[in-house]
Amino acid sequence: PEDKFSHYGRYRPRTKGIHPLVPGVEGKKGGGKFMRRLLGLVGKSHHIEIWWDESGKFLNPEAGAEAIIAHAEAGYTSFGNLIRELYDLGYNNIGDRLYSIGEDIQQKILPTIRRLRFSIREIPSLKWIILVPSTQSRAYYSRYNRYDPHGIHTPATWFYEIIWVAFHSAIVRGKAGVLGVSHLTTSGFNEHQAVSMGEAFGHWADRCEPTRLKRIIFLGCCIRENSILEIPRILNPEGRYTHHRPIRVRVEADEEYEDIILDPDGNLEI
(Lines give C-alpha, C1' and ligand atoms only; values in the text may rest on other atoms or scores of the structure.)
Protein backbone atom coordinates (compact mmCIF):
# COMPACT_ATOMS: atom_id res chain seq x y z
CA PRO A 1 0.00 0.00 0.00
CA GLU A 2 1.10 3.56 -0.73
CA ASP A 3 1.33 4.58 2.92
CA LYS A 4 3.68 1.71 3.79
CA PHE A 5 5.88 0.90 0.80
CA SER A 6 6.57 2.95 -2.29
CA HIS A 7 5.15 2.17 -5.69
CA TYR A 8 8.61 0.95 -6.65
CA GLY A 9 7.74 -2.19 -4.69
CA ARG A 10 9.59 -4.30 -2.20
CA TYR A 11 13.17 -4.94 -3.12
CA ARG A 12 15.73 -7.60 -2.25
CA PRO A 13 19.35 -6.72 -3.11
CA ARG A 14 22.27 -8.94 -2.28
CA THR A 15 23.12 -7.84 1.25
CA LYS A 16 25.86 -8.77 3.67
CA GLY A 17 23.46 -8.10 6.51
CA ILE A 18 24.31 -6.44 9.81
CA HIS A 19 27.97 -5.98 10.75
CA PRO A 20 29.10 -5.86 14.38
CA LEU A 21 29.29 -2.37 15.87
CA VAL A 22 32.84 -1.05 15.52
CA PRO A 23 34.73 2.13 16.53
CA GLY A 24 34.83 5.07 14.18
CA VAL A 25 37.30 6.19 11.55
CA GLU A 26 40.77 4.97 12.56
CA GLY A 27 39.36 4.17 16.01
CA LYS A 28 39.07 7.85 16.92
CA LYS A 29 36.15 9.51 18.63
CA GLY A 30 34.17 12.11 16.70
CA GLY A 31 32.18 14.78 18.50
CA GLY A 32 32.64 12.88 21.78
CA LYS A 33 30.81 9.83 20.43
CA PHE A 34 31.86 6.82 18.38
CA MET A 35 30.98 6.31 14.76
CA ARG A 36 29.19 2.99 14.30
CA ARG A 37 29.04 0.78 11.23
CA LEU A 38 25.62 -0.87 11.18
CA LEU A 39 24.98 -2.42 7.76
CA GLY A 40 26.75 -3.50 4.60
CA LEU A 41 24.90 -3.77 1.28
CA VAL A 42 26.36 -5.69 -1.65
CA GLY A 43 24.60 -5.17 -4.96
CA LYS A 44 25.43 -5.76 -8.61
CA SER A 45 27.64 -2.68 -8.81
CA HIS A 46 28.24 -1.40 -5.27
CA HIS A 47 29.36 -2.41 -1.81
CA ILE A 48 27.85 0.27 0.44
CA GLU A 49 28.52 0.60 4.15
CA ILE A 50 25.84 2.28 6.28
CA TRP A 51 27.14 4.09 9.35
CA TRP A 52 25.60 6.08 12.20
CA ASP A 53 27.30 9.11 13.74
CA GLU A 54 25.81 9.19 17.22
CA SER A 55 27.40 12.54 18.08
CA GLY A 56 24.20 14.19 16.81
CA LYS A 57 26.25 16.65 14.79
CA PHE A 58 26.40 17.45 11.08
CA LEU A 59 29.92 18.84 11.07
CA ASN A 60 31.92 16.00 12.56
CA PRO A 61 35.44 15.86 11.04
CA GLU A 62 35.77 12.15 11.89
CA ALA A 63 32.84 11.24 9.62
CA GLY A 64 34.74 12.17 6.47
CA ALA A 65 31.59 13.13 4.53
CA GLU A 66 32.12 14.58 1.06
CA ALA A 67 28.50 15.74 0.75
CA ILE A 68 25.71 16.29 3.29
CA ILE A 69 22.01 15.90 2.43
CA ALA A 70 19.59 17.84 4.64
CA HIS A 71 16.06 19.17 4.44
CA ALA A 72 15.69 22.94 4.14
CA GLU A 73 13.26 23.84 6.95
CA ALA A 74 14.96 26.21 9.42
CA GLY A 75 13.96 26.81 13.05
CA TYR A 76 14.05 24.14 15.76
CA THR A 77 14.91 21.46 13.22
CA SER A 78 17.92 19.44 12.11
CA PHE A 79 18.64 22.05 9.41
CA GLY A 80 18.42 24.73 12.08
CA ASN A 81 21.00 22.75 14.06
CA LEU A 82 23.32 22.70 11.04
CA ILE A 83 23.08 26.49 10.79
CA ARG A 84 23.77 26.84 14.53
CA GLU A 85 26.83 24.58 14.21
CA LEU A 86 28.15 26.94 11.53
CA TYR A 87 27.52 29.94 13.77
CA ASP A 88 29.35 28.23 16.64
CA LEU A 89 32.36 27.72 14.36
CA GLY A 90 32.32 31.39 13.35
CA TYR A 91 30.85 30.91 9.86
CA ASN A 92 28.04 33.41 10.27
CA ASN A 93 27.95 34.39 6.60
CA ILE A 94 27.68 30.79 5.46
CA GLY A 95 24.96 30.09 8.02
CA ASP A 96 22.97 33.14 6.91
CA ARG A 97 23.33 32.13 3.27
CA LEU A 98 22.11 28.59 3.96
CA TYR A 99 19.13 29.97 5.87
CA SER A 100 18.14 32.15 2.91
CA ILE A 101 18.60 29.36 0.38
CA GLY A 102 16.60 26.99 2.58
CA GLU A 103 13.66 29.42 2.59
CA ASP A 104 13.80 29.53 -1.22
CA ILE A 105 13.78 25.72 -1.50
CA GLN A 106 10.82 25.47 0.89
CA GLN A 107 8.76 27.85 -1.28
CA LYS A 108 9.31 26.05 -4.60
CA ILE A 109 6.09 24.59 -5.99
CA LEU A 110 7.93 21.63 -7.54
CA PRO A 111 10.31 19.53 -5.40
CA THR A 112 13.75 21.05 -5.93
CA ILE A 113 17.05 19.49 -4.86
CA ARG A 114 19.81 22.09 -4.71
CA ARG A 115 23.54 21.30 -4.62
CA LEU A 116 25.81 24.00 -3.21
CA ARG A 117 29.59 24.04 -3.16
CA PHE A 118 30.68 24.03 0.47
CA SER A 119 34.04 24.35 2.17
CA ILE A 120 35.15 24.87 5.77
CA ARG A 121 38.63 24.33 7.14
CA GLU A 122 37.48 21.97 9.94
CA ILE A 123 36.22 19.36 7.44
CA PRO A 124 38.52 19.33 4.38
CA SER A 125 36.67 16.35 2.85
CA LEU A 126 33.34 18.21 2.63
CA LYS A 127 32.58 19.61 -0.85
CA TRP A 128 28.80 19.87 -1.13
CA ILE A 129 25.63 20.60 0.79
CA ILE A 130 22.49 19.21 -0.87
CA LEU A 131 19.27 20.83 0.34
CA VAL A 132 15.92 19.13 -0.22
CA PRO A 133 12.32 20.22 0.51
CA SER A 134 10.89 19.04 3.81
CA THR A 135 7.47 17.60 4.54
CA GLN A 136 6.49 21.16 5.54
CA SER A 137 7.37 22.62 2.13
CA ARG A 138 5.13 24.17 -0.50
CA ALA A 139 6.07 21.34 -2.89
CA TYR A 140 4.91 18.73 -0.38
CA TYR A 141 1.62 20.54 0.20
CA SER A 142 1.08 20.94 -3.55
CA ARG A 143 1.44 17.19 -4.03
CA TYR A 144 -0.53 15.89 -1.02
CA ASN A 145 -2.70 18.85 0.07
CA ARG A 146 -1.37 18.65 3.63
CA TYR A 147 1.77 18.98 5.71
CA ASP A 148 3.33 16.18 7.75
CA PRO A 149 6.09 17.45 10.07
CA HIS A 150 6.78 14.03 11.61
CA GLY A 151 6.54 12.05 8.36
CA ILE A 152 4.14 9.54 9.88
CA HIS A 153 1.59 9.78 7.06
CA THR A 154 4.01 10.64 4.25
CA PRO A 155 3.85 8.26 1.28
CA ALA A 156 7.06 6.30 0.87
CA THR A 157 7.24 7.56 -2.72
CA TRP A 158 8.09 11.04 -1.44
CA PHE A 159 11.04 9.86 0.66
CA TYR A 160 12.24 7.55 -2.11
CA GLU A 161 12.18 10.17 -4.86
CA ILE A 162 13.75 12.90 -2.73
CA ILE A 163 16.67 10.75 -1.54
CA TRP A 164 17.22 9.19 -4.99
CA VAL A 165 17.44 12.58 -6.73
CA ALA A 166 19.65 13.93 -3.92
CA PHE A 167 21.93 10.89 -4.40
CA HIS A 168 22.08 11.59 -8.13
CA SER A 169 23.01 15.20 -7.43
CA ALA A 170 25.71 14.33 -4.90
CA ILE A 171 27.16 11.16 -6.43
CA VAL A 172 26.69 11.31 -10.20
CA ARG A 173 26.93 15.06 -10.70
CA GLY A 174 29.03 15.93 -7.63
CA LYS A 175 31.30 12.84 -7.71
CA ALA A 176 30.95 12.25 -3.96
CA GLY A 177 31.67 8.83 -2.48
CA VAL A 178 30.90 9.36 1.21
CA LEU A 179 27.48 10.86 1.99
CA GLY A 180 26.11 12.28 5.20
CA VAL A 181 22.32 11.89 5.32
CA SER A 182 19.94 13.42 7.82
CA HIS A 183 16.22 12.80 8.25
CA LEU A 184 13.94 14.27 5.56
CA THR A 185 11.09 15.39 7.81
CA THR A 186 10.86 18.60 9.79
CA SER A 187 10.81 16.68 13.07
CA GLY A 188 12.06 13.18 13.82
CA PHE A 189 13.23 10.02 12.11
CA ASN A 190 10.94 7.01 12.26
CA GLU A 191 11.07 3.46 10.92
CA HIS A 192 8.76 4.29 8.00
CA GLN A 193 11.17 6.94 6.75
CA ALA A 194 14.21 4.68 7.26
CA VAL A 195 12.61 1.81 5.34
CA SER A 196 11.54 4.12 2.48
CA MET A 197 15.08 5.52 2.18
CA GLY A 198 16.52 2.01 2.51
CA GLU A 199 14.62 0.91 -0.58
CA ALA A 200 16.43 3.60 -2.55
CA PHE A 201 19.75 2.46 -1.06
CA GLY A 202 19.06 -1.07 -2.27
CA HIS A 203 18.21 0.05 -5.78
CA TRP A 204 21.34 2.19 -5.90
CA ALA A 205 23.50 -0.75 -4.83
CA ASP A 206 22.09 -2.75 -7.74
CA ARG A 207 22.14 -0.08 -10.45
CA CYS A 208 23.87 -1.01 -13.70
CA GLU A 209 26.45 1.79 -13.68
CA PRO A 210 28.99 1.85 -10.84
CA THR A 211 29.54 5.13 -8.98
CA ARG A 212 31.92 6.33 -6.27
CA LEU A 213 29.42 5.71 -3.47
CA LYS A 214 30.97 3.55 -0.76
CA ARG A 215 29.56 4.89 2.51
CA ILE A 216 26.32 6.43 3.79
CA ILE A 217 26.46 8.07 7.22
CA PHE A 218 23.28 8.93 9.11
CA LEU A 219 24.03 12.12 11.02
CA GLY A 220 22.43 15.09 12.75
CA CYS A 221 19.90 15.13 15.56
CA CYS A 222 17.03 12.72 16.19
CA ILE A 223 18.55 9.74 14.35
CA ARG A 224 18.02 6.49 16.24
CA GLU A 225 19.97 3.29 15.73
CA ASN A 226 16.84 1.16 15.98
CA SER A 227 15.24 3.04 13.08
CA ILE A 228 18.29 2.49 10.86
CA LEU A 229 18.26 -1.21 11.70
CA GLU A 230 14.75 -1.43 10.22
CA ILE A 231 16.27 -1.04 6.73
CA PRO A 232 16.82 -4.81 6.20
CA ARG A 233 13.06 -5.25 6.50
CA ILE A 234 12.66 -3.74 3.02
CA LEU A 235 15.94 -5.11 1.67
CA ASN A 236 15.35 -8.73 2.62
CA PRO A 237 11.65 -9.55 2.19
CA GLU A 238 10.39 -12.80 0.86
CA GLY A 239 9.12 -12.32 -2.68
CA ARG A 240 10.11 -11.02 -6.07
CA TYR A 241 12.80 -8.55 -7.05
CA THR A 242 11.78 -5.12 -8.28
CA HIS A 243 13.67 -2.36 -10.05
CA HIS A 244 14.00 1.39 -9.87
CA ARG A 245 11.49 3.29 -11.97
CA PRO A 246 13.14 6.35 -13.61
CA ILE A 247 12.16 9.74 -12.21
CA ARG A 248 11.62 12.57 -14.69
CA VAL A 249 13.49 15.78 -13.86
CA ARG A 250 15.01 18.91 -15.32
CA VAL A 251 18.25 20.65 -14.35
CA GLU A 252 18.84 24.35 -13.84
CA ALA A 253 22.18 25.82 -12.80
CA ASP A 254 24.00 29.08 -12.23
CA GLU A 255 27.42 30.00 -10.87
CA GLU A 256 26.50 29.26 -7.24
CA TYR A 257 24.38 26.13 -7.34
CA GLU A 258 22.65 23.46 -9.41
CA ASP A 259 18.99 22.52 -9.06
CA ILE A 260 17.44 19.19 -10.02
CA ILE A 261 13.68 19.69 -10.20
CA LEU A 262 11.21 16.80 -10.07
CA ASP A 263 9.04 17.71 -13.04
CA PRO A 264 6.66 15.36 -14.91
CA ASP A 265 7.48 17.36 -18.04
CA GLY A 266 11.25 17.30 -17.47
CA ASN A 267 13.63 16.31 -20.24
CA LEU A 268 15.76 13.87 -18.20
CA GLU A 269 15.12 10.55 -16.50
CA ILE A 270 17.31 9.46 -13.59
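Key figures for this structure:
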| read-out | value |
| --- | --- |
| Verdict on R173 being open to solvent by 10 Å² or more (accessible area, probe 1.4 Å), touching a residue at least 40 places away in the same chain (Cβ under 8 Å) and among the basic types (K, R) | yes |
| Residue in segment 212-234 that is nearest to V172 (Cα to Cα), counting only those that are touching a strand residue (DSSP E or B) at 6+ places or on another chain (Cβ under 8 Å) and part of a loop (DSSP other than H, G, I, E, B) | L213 |
| Pairs with Cβ under 8 Å, 6+ apart, first in segment 37-48 and under 18 Å from F218 (Cα atoms), second in a loop (DSSP other than H, G, I, E, B) and aliphatic (A, V, I, L, M) | R37/L21; R37/V22; L38/L21; L38/L229; L39/L229; L39/I231; I48/L213 |
| Out of I216, I234, I223, sole residue that is open to solvent by less than 30 Å² (accessible area, probe 1.4 Å), more than 16 Å from the chain's Cα centre (by Cα) and within 27 Å of W52 (Cα to Cα) | I234 |
| Residue within segment 240-258 that is at negative phi, out of contact with any helix residue (DSSP H, G or I) (no Cβ under 8 Å at 6 or more places or on another chain), open to solvent by less than 50 Å² (accessible area, probe 1.4 Å) and in a helix (DSSP H, G or I) present | no |
| Number of the exception - T185 against (1) of a type in the set (S, T, N, Q); (2) modelled with pLDDT under 95; (3) more than 16 Å from E73 (Cα to Cα); (4) surrounded by 22 or more Cβ atoms within 10 Å (Cβ to Cβ) | (3) |
| Residue count, segment 190-202 (criterion: out of contact with any strand residue (DSSP E or B) (no Cβ under 8 Å at 6 or more places or on another chain) and open to solvent by less than 10 Å² (accessible area, probe 1.4 Å)) | 7 |
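Let's see how each residue does on (1) at pLDDT below 95; (2) farther than 24 Å from E85 by Cα; (3) within 18 Å of the chain's Cα centre (by Cα):
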| position | (1), (2), (3) |
| --- | --- |
| K108 | no, yes, no |
| L116 | no, no, yes |
| E122 | yes, no, no |
| K127 | no, no, yes |
| I130 | no, no, yes |
| S134 | no, no, yes |
| Y140 | no, yes, yes |
| H150 | yes, no, yes |
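The values are calculated or read from the model by the stated rules, or taken from the named source; none is laboratory data. What you see is a predicted model; the values in this text were computed from it and never measured. Don't worry about glycine lacking a Cβ; one is built from the backbone with ideal geometry, like all the others, and counts go over all protein chains shown. Calculation scope for accessible area: heavy atoms of the full protein, side chains included, ligands and nucleic acids excluded. Shrake-Rupley method; radii C 1.70, N 1.55, O 1.52, S 1.80 Å.
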